[in-house]
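Colleague: Got a structure for you, written out below as structure tokens; questions coming shortly.
No value in this document is a laboratory result; all are computed from the given coordinates. Just so you know, these numbers come straight off a predicted model, no measurement behind them. Cβ coordinates were reconstructed from backbone atoms using ideal geometry, including for glycine residues, and neighbour counts include every protein chain displayed.
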Amino acid sequence: MIESMRAYGYSVPTAIADLVDNSIAAQATHVWLQFHWSGANSFISVTDDGAGMSEGQLRDAMRLGSTSPLHVRDPKDLGRFGLGLKTASLSQCRRLTVASRQSPGTDAVRRWDLDFLARNPERGWHLLRQAHPGSETLAQVPAHLDSGTVVLWECMDRVAGDTTADDAKRHQQFRDTMDRVEAHLAMVFHRYLTGPKARLRILVNNAPVKPWDPFVETHPATQVSPEEKFNLGTGNEPVRIRGFVLPHKDKMGDDLHAITSGPAGWNAQQGFYVYRNDRLIVAGSWLGLGDGRPWTKEEHYKLARISVDIPNSMDHLWHLDVKKSSAQPPPQIREWLTVRARRIRSDARAVFAHRGSYGQRAERREYARPWKPVRSNGTVAYRIDREHPVIAALIASVSGTIRAELDAALRILEATVPVEQIWLDTAETRDIPASPFREATSQQMRILVETSYHAIRRNRGLPHTETVDLMLGLEEFANSEARAIIGTLPSN
């Protein structure tokens, strides 16, 4: 049975997150993770300063299914099935030792050893009362803690394998696993880790885990929707949601953009973020919702993220799984969520398409763009806008044969827009094309701005102030450098 339960589908990050849930339930304020590489003798330990367990409580905690999911639980409880400690741990190791202390001098130890069970089938479900010989100091609550618990993983056949300490490749994989765990905990428990008076501190090999905020809520360019609530009529807390449209890359800078992409990357992190008692359950999913068919994760919706908060009394309604890594919204709330998500997706698409400029200007008008989509018979083509101020000025400045040649050149450009190649490059790099004139030097930008200014003013016969205002409404001059140059143009 235990060998079969090892295939629940835990990853190392989700398994360790389950252990941190137990620490939080024990009111711990600190969790220390230790990753130690020594080939087949490697180990991972999770230590907390929570309330600890008595010998009887520890024995019960080591039983499979120690808590029924039907029992009424504390509203702040993060567990459900009474399986997490065992299934999460044994999914990654063959030897699980837990030591706990409720008060000084009350230490208790219990160990599941799958190899021992396999060698001694006649002894049945034999829960051992001490650490494995040689591991006593590893499975010991630190002396400076009045109370706390240590969870020790050894014989980690799926993490370290049967190898030697000098196996450089497996050692690197072990370090990569540690990095993934840190990133996952930073995301899943970011609400607990946030602020100068954070409820919890997690340290991985003595390095503090910094919270990862999926919503960049404090950024001035983030669009935040007001909180909305839906009461499922269960007599408990309502479901609460808030929508976020994250800033375009041009508004964030490369460093913040890279951080905000999240553990799985920009495209994968779009969608709903489902929280249960401030613990993140689902990190980026459209939850099977959609218009006619389920939405998929597409490039132009990657700035859309929506937080959903549910109480633990709704676990059964949301079909929460054992790993606490997936959830499905109940039927009575699906349409309500779809309507609100549709609005957030639309806003995110606009920001994506307009490079973050959409909705930001005081005049509340969109930037004029030299390209415009034309839809016909279910297809989309892209045409150069002949009324764009700079294009119109160029057309007005020529006539006769030159004008015909110019029109032919524009038509060739329109007919050969490499749409498929653009989407292929975007999908492969997980990014969008660079903003206009990103590689231009300051001198090149000044020449471009001044040339456009004189062309527009000469061919439209506009005064200086109207020409400047018109240029400030052009997408290609939306960056701060171009706007600064426009502000210095002489009026004569």
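Colleague: Which three numbers, in whole Å and largest first, are the semi-axes of the equivalent ellipsoid of region 2-208 derived from its Cα gyration tensor as √(5λ)?
Modeller: Working: eigenvalues 113, 99, 59 Å².
Working through the eigenvalues yields semi-axes of 24, 22, 17 Å.
Colleague: What FRET efficiency do you get for Asn459 and Asn205 if R0 is 51 Å and r is their Cβ-Cβ distance, rounded to the nearest 0.05? If you can, show how the numbers build up before the last one.
Modeller: On the way: r = 66 Å, r/R0 = 1.30.
So the FRET efficiency works out to roughly 0.15.
Colleague: Can you give me the span-like helices of the chain, meaning DSSP H runs with 24 Å or more of Cα extent along the axis and Kyte-Doolittle mean at or above 1.6? All intermediate terms of the calculation are to be shown ahead of the outcome.
Modeller: On the way: long enough: 168-188 (30 Å, -0.85); 331-353 (33 Å, -0.45); 442-460 (27 Å, -0.95).
For the chain, where a helix must reach 24 Å along its axis and average at least 1.6, there are no hits.
Colleague: Mind computing the radius of gyration and Dmax over the alpha-carbon atoms of region 371-487? Å is fine for both.
Modeller: 16.5, 46
Colleague: Moving on. 7 Å from Cα along Cα→Cβ at both Asn236 and Phe116: what's the point-to-point distance in nm?
Modeller: 3.7 nm
Colleague: Still on this structure, please answer the following. I need to check one value: relative contact order of region 165-242, counting alpha carbon pairs closer than 8 Å and at least 6 residues apart, in percent.
Modeller: Details: 59 pairs, mean separation 14.2, N = 78.
Taking the mean separation of contacting Cα pairs over the length of region 165-242, I get 18 percent.
Colleague: Simple spin-label model, 7 Å along Cα-to-Cβ: Leu128 to Glu405 in nm?
Modeller: 8.8 nm
Colleague: Can you tell me, using C-alpha contacts under 8 Å and at least 6 residues apart, the relative contact order of the chain as a whole percent? Can you show the working numbers first?
Modeller: Details: 806 pairs, mean separation 56.5, N = 492.
Relative contact order here is 11 percent.
Colleague: Now, a different point. For the chain, take the alpha-carbon Rg, divide it by the Kirkwood Rh, and send me Rg/Rh.
Modeller: Here the Rg-to-Rh quotient is 1.11.
Colleague: With +1 on each Lys and Arg Cβ and -1 on each Asp and Glu Cβ, and nothing else charged, work out how big the dipole of the chain is about its Cα centre, in Debye to the nearest 20. Walk me through the numbers on the way to the answer.
Modeller: Working: 62 positive and 58 negative charges, 183 e Å.
I would put it at about 880 debye.
Colleague: May I ask you to order 410-421, 6-17 by the average number of other C-beta atoms within 10 Å around their residues, highest value first?
Modeller: Details: 410-421: 11.1, 6-17: 19.9.
My ranking of the peptides, most packed first, is 6-17, 410-421.
Colleague: Among Leu96, Ser346, Gln57, flag the residue with its Cα farthest along the positive direction of the charge dipole of the chain, charges on Cβ as +1 for Lys/Arg and -1 for Asp/Glu.
Modeller: Projecting each Cα onto the dipole axis, the largest value belongs to Ser346.
Colleague: Can you compute the equivalent ellipsoid semi-axes for region 223-353, i.e. the square root of 5 times each eigenvalue of the Cα gyration tensor, sorted largest first and rounded to whole Å?
Modeller: Working: eigenvalues 130, 49, 36 Å².
They are 26, 16, 13 Å, listed from largest to smallest.
Colleague: Right, another one. Between Glu228 and Glu414, what is the FRET efficiency for a Förster distance of 45 Å, r being their Cβ-Cβ separation, to the nearest 0.05? Don't skip to the end; give the middle numbers.
Modeller: Numbers: r = 43 Å, r/R0 = 0.96.
After rounding, the FRET efficiency stands at 0.55.
Colleague: Label points 7 Å out from Cα along the Cβ direction at Lys297 and Thr441: separation in nm?
Modeller: Distance between label points: 4.2 nm.
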